[in-house]
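Asker: So that we are looking at the same thing, I have put the structure below in C-alpha cells.
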C-alpha cells in the first residue's frame, strides 16, 4: 500500500484553539457496510484526547485498534472540521490512484484478513500503522480502469444498499406490528365489540368493563424480591446460571457466550421457577422484562433485577409477561422516569403499577392468540434478517471480486447487467 498511498499525513496540533469546534468520529461509529454512522460535536478542549486525525475528501479510514470491528470507511466530502480518532489510520491515495477505487480495495476480504492477521493483543487487537501501510493491496496500474471498477461498484453497491435499507425498514415495521398486536390484546382483549370502561389510570385508559385492574403486588404469590449481589466470576456449567439483564437477547432468550454461574449454596435463595418474570430496576435497561423457562435449567438472578412470581390463581404468567411488552406498560415506566433524577425503578414502584386482569380463561385465549400472531411475525422477521445477511455477504464478495480482478468490468455499461 505504501506505493499507492500515504498514512496519517495530518493531525490537529495541541496548540489548536480550545474553542475550535470539531466533528468527531470514533471507531464505534464506523462499520464496513454503512461507513460513518455517527458524528459527535465537541470543542477542542472538551474532545477526547484521541480526537486528532484530520481527514480530507478521498481519504479512507481504517481502524488500527479493535480491528475485529472492521471499522473501515471511505471519506467523501467531509466538513472542514471533521476529525477522526487516533485509533484510525488515515489512508490518502497518491496521484496515480483513484480514491474511490482505493476505498473499495481497502474493504476487500483479503485486505481485511491481512489487517486482522497482523494485529496483536487479545482483548483489543491492534495493528501498527507502519505495518498497515506495508500490507499488500491490489489495483490496476491504469487509473482509467480503476475508475471503471469504482463506478461499477458505486452502481452495484448502491442497489444492494437500497435493498438492505428496505429490509431494515421492514424489520422496524414488523417490530411495530408485534408491539401493536400485544398491546391491543392485553389492554383491550380480542373482541373489538366488548364494552369498555375507564380504568381509573390515565396511562392505561379504557379497559373491557368485565376486567379487573389490580396493582402488580396483588397479582404476585410472594413479595417482589431483589437478586443476589454477587460478582459474575464463575462459569462452571454444573452450577446454577447467574442471569444478568445483559444476558438477555432482544427476543427474550439468553446469550450462550455470556454464561456465568453461582455456587449452589449462594444461588439457593435466588433460584428461579418456571414462569418467573425478572424486571430491570436501573440503568439504560430499566423497565425491561425477561421470563424464565424451567427448560433452561437451574438459574439465579443478579441484584439489578427484581423477581416477580405471579399468583396463578389471579394471572397467567405469560399474560403478565406480555403486558410488560406493551406500549402502555412502557408509557407507565417512562412517565415515572421523567420525574426522577436517577434512572431507577424500585420494587415499590413496580408493586404499584396497575395491571389489567381479564378472567383466567380469557387470559389463556389472549396468550394463545398473541403466540400465534407473534410466531408468524417472528418467522417473517427471521427471514428478513437472513436476507440482510445474504445481501451484506454478497456486497462484500462483489467488492472483493472486482478489486482483485476476479470479474472484468471494463466493458460493463453502468445501469446494465454485468
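Asker: Within the stretch 375-406, how many residues are surrounded by 14 or more Cβ atoms within 10 Å (Cβ to Cβ) and outside any helix (DSSP H, G or I)?
Answerer: Residues in the stretch 375-406 being surrounded by 14 or more Cβ atoms within 10 Å (Cβ to Cβ) and outside any helix (DSSP H, G or I): 1 in total.
Asker: A further question on this structure: Of these, 259, 290, which one is touching a residue at least 24 places away in the same chain (Cβ under 8 Å) and part of a loop (DSSP other than H, G, I, E, B)?
Answerer: Checking each option against the conditions leaves just 259.
Asker: Working carefully through the options 264, 269, find the one that is out of contact with any strand residue (DSSP E or B) (no Cβ under 9 Å at 6 or more places or on another chain), modelled with pLDDT of 95 or more and surrounded by fewer than 16 Cβ atoms within 10 Å (Cβ to Cβ). Break it down stepwise before answering.
Answerer: Working: 269 fails: out of contact with any strand residue (DSSP E or B) (no Cβ under 9 Å at 6 or more places or on another chain).
That would be 264, the only listed residue that is out of contact with any strand residue (DSSP E or B) (no Cβ under 9 Å at 6 or more places or on another chain), modelled with pLDDT of 95 or more and surrounded by fewer than 16 Cβ atoms within 10 Å (Cβ to Cβ).
Asker: Moving to a separate point now. Out of all the residues in the stretch 1-16, which are under 9 Å from residue 92 (Cα atoms), in contact with a strand residue (DSSP E or B) (Cβ under 6 Å, 6 or more places away or on another chain) and assigned to a loop (DSSP other than H, G, I, E, B)?
Answerer: Within the stretch 1-16, 8, 9 meet the criteria.
Asker: In a helix (DSSP H, G or I), at pLDDT 90 or above and assigned by TED's automatic domain parsing to the domain that holds residue 207 - does that describe any residue in the stretch 333-347?
Answerer: yes
Asker: Among the residues of the stretch 190-198, is there at least one that is in contact (Cβ under 8 Å) with a residue 24 or more places away in the chain, surrounded by fewer than 16 Cβ atoms within 10 Å (Cβ to Cβ) and not in a helix (DSSP H, G or I)? Steps first, please.
Answerer: Applying the first criterion (in contact (Cβ under 8 Å) with a residue 24 or more places away in the chain) to the stretch 190-198 yields 190.
Narrowing the set further to residues that are surrounded by fewer than 16 Cβ atoms within 10 Å (Cβ to Cβ) leaves 190.
If we keep only those that are not in a helix (DSSP H, G or I) too, we end up with 190.
The answer is yes, given that some residue of the stretch 190-198 is in contact (Cβ under 8 Å) with a residue 24 or more places away in the chain, surrounded by fewer than 16 Cβ atoms within 10 Å (Cβ to Cβ) and not in a helix (DSSP H, G or I).
Asker: Being part of a loop (DSSP other than H, G, I, E, B), within 26 Å of residue 168 (Cβ to Cβ), in contact with a helix residue (DSSP H, G or I) (Cβ under 7 Å, 6 or more places away or on another chain) and not assigned by TED's automatic domain parsing to the domain that holds residue 268: is that true of residue 370 here?
Answerer: The answer is no for residue 370.
Asker: Filtering the stretch 213-250 down to residues that are within 26 Å of residue 203 (Cβ to Cβ) and under 28 Å from the mean Cα position of the chain (by Cα), which residue is surrounded by the fewest Cβ atoms within 10 Å (Cβ to Cβ)?
Answerer: Step by step, filter the stretch 213-250, then rank; the result is 250.
Asker: Being at pLDDT below 95 and surrounded by fewer than 23 Cβ atoms within 10 Å (Cβ to Cβ) is the filter here; which residues of the stretch 66-75 pass it?
Answerer: 66, 68, 69, 70 - these are the residues of the stretch 66-75 that are at pLDDT below 95 and surrounded by fewer than 23 Cβ atoms within 10 Å (Cβ to Cβ).
Asker: Name every residue in the stretch 203-234 that is over 30 Å from residue 299 (Cβ atoms), touching a residue at least 40 places away in the same chain (Cβ under 8 Å) and part of a loop (DSSP other than H, G, I, E, B), in order of residue number.
Answerer: Here is the first cut: in the stretch 203-234, the residues over 30 Å from residue 299 (Cβ atoms) are 203-213.
Pick out the ones that are also touching a residue at least 40 places away in the same chain (Cβ under 8 Å) and you get 203-205, 207-208, 210-213.
Once the filter is applied, which keeps residues that are over 30 Å from residue 299 (Cβ atoms), touching a residue at least 40 places away in the same chain (Cβ under 8 Å) and part of a loop (DSSP other than H, G, I, E, B), the stretch 203-234 yields 203, 204, 205, 210, 211.
Asker: Quick check on residue 314: is it modelled with pLDDT of 95 or more, part of a loop (DSSP other than H, G, I, E, B) and touching a strand residue (DSSP E or B) at 6+ places or on another chain (Cβ under 9 Å)? Please lay out each step first, then the result.
Answerer: Values: modelled with pLDDT of 95 or more: yes; part of a loop (DSSP other than H, G, I, E, B): yes; touching a strand residue (DSSP E or B) at 6+ places or on another chain (Cβ under 9 Å): yes.
Yes, satisfied.
Asker: Right, residue 185: surrounded by 19 or more Cβ atoms within 10 Å (Cβ to Cβ) and out of contact with any strand residue (DSSP E or B) (no Cβ under 8 Å at 6 or more places or on another chain) or not?
Answerer: When the stated conditions are applied, residue 185 passes them.
The values are calculated or read from the model by the stated rules, or taken from the named source; none is laboratory data. All values reported here derive from a predicted model rather than from experimental measurement. Backbone-built Cβ (ideal geometry, glycine too); neighbour counts: all protein chains shown.
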